[in-house]
Structures are given as C-alpha cells and as structure tokens.
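One structure below.
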Amino acid sequence: ENLDVQVIRTGRATAVDTGHNLEFAFVDFPDSPVQPRGGTAMVSGTEARAHSLEVRNRSERTVRSIEMGWILRDGKGREFPAGSMPSYVLLPPGQQRDILKDATLRFPRKRDTAPQIMGMTGYVSSVEFADVQVWIPSRAGLSDPRLERNLVPSPEEQRLVQIYRRKGLTGLAQELKRF
C-alpha cells in the first residue's frame, strides 16, 4: 500500500505538542557519497516534524542536493513507502550538516485509514554533486530486505524493463543512447 506524503517547511511551533520523540533508523549504502548520521522527529499521529537529520559527505566532491527516501512503520509492524524528500545543500567533502530542520512530513488520511507513525526508516535515494553528476544506489544496495518489500519501480524503470522485454538488450541499449 502506498501513502502520499506532503513536505511542508514550517516555522516555530506555537502550541504544545502531545506527540512523542522518534529516532530515525537508516539503511546505509556503503558506496553512498552521503551517510545519514542520525536524526529525530516529533511524531503526533500521522505527522512527523523533523527536528534534525544529520548527514556527512564522505565523498571527495561537493554535494549540491540529497534526496532521502522514507519508509513508515505503524503500530502493527506494517511498513509503507512514504515517498522522498529533496534537500538542497552545499556540502563540501568531509563536512556534516543538518538537512531537514523545520520540515514536516504529513501523511494525509484517506477515509481515516492512515496509520499512526511508530517508526521511520530513511535512506539516501540520490545525491547530486556540484558538477551536476548524480549518484543513485546500486542494485546490490537496493536488495536490502526493508527496501525490497517497500520500493516500487519508478515509471522510467518500468518503461525500460518493458523495452528490454520487447526488444532485448540491443533495443534497450539503443533507447539509452538516445539520451
């Protein structure tokens, strides 16, 4: 089951929150140029307000943007892909930075069926460097059981698989040469 996620940049809170503090879990890809170092959010029902998400650039190049994917876990242990959130940063090699300060993840209710957030797992889904090159996780990295259960192929990946099935490797190579 997929849930929509809304990302909202927020200001200071003006009301007392009755939620609970939740520490993020992470899937760390050894070849990822960016390493999630830790993070917490204040969770209340179907909303999580990020207090912090610290990442470290472990590459030799300056990072321009990071996209984090999220998987949500409810009280029954069920997991749901919850979308991804880009963060535009200028992160030099070896530096650390908090990238989600003042962001809110809101999982809209669909006929009051949205689960209560009891856990969140994050993973680096893409990194763009200052030279505009992009890193994405390898197939081996995406074979983590938590990701295999929850990630659906992108429309582009589905399109390329269909080309491969219809035209074989040669047809797929020709399609990729177009870009």
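Can you compute the charge dipole magnitude of region 43-90 about its Cα centre, using +1 on each Lys and Arg Cβ and -1 on each Asp and Glu Cβ, nothing else charged? Give it in debye, rounded to the nearest 20.
So the dipole magnitude of region 43-90 works out to roughly 100 debye.
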*HN-Hα J couplings of region 74-85 from phi, Karplus 6.51/-1.76/1.60, θ = phi - 60°, integer Hz, Gly and Pro as x?*
9, x, 8, x, 6, 10, 9, x, 10, x, 9, 9
*Would you grab the residues whose amide H sits under 5 Å from the one on Ser59? Only those 5+ places off in sequence or on another chain, please, with H modelled 1.01 Å from N.*
Gly94
*Ignoring ligands, DNA and RNA, what percent of the 1.4 Å accessible area of region 116-179 is carbon and sulfur?*
57
*Rounded to the nearest 10 Å², what accessible area does Phe129 show when all protein chains are kept and the probe is 1.4 Å?*
10
*Given H placed on each backbone N at 1.01 Å, which residues far from Gly119 in sequence or on other chains put an amide H within less than 5 Å of it?*
Arg73
*Karplus couplings for region 29-45 from phi (6.51 cos²θ - 1.76 cosθ + 1.60, θ = phi - 60°), rounded to Hz, Gly and Pro as x?*
8, x, 8, 5, x, 10, 10, x, 10, x, x, 9, 9, 8, 10, 9, x
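The values are calculated or read from the model by the stated rules, or taken from the named source; none is laboratory data. Bear in mind that the values here come from a model prediction, so they are computed numbers and not experimental data. All Cβ positions, glycine included, derive from the backbone under ideal geometry; neighbour counts span all protein chains shown. What goes into the accessible areas is simple: the full protein's heavy atoms, side chains included, and nothing from ligands, DNA or RNA. Shrake-Rupley method; radii C 1.70, N 1.55, O 1.52, S 1.80 Å.
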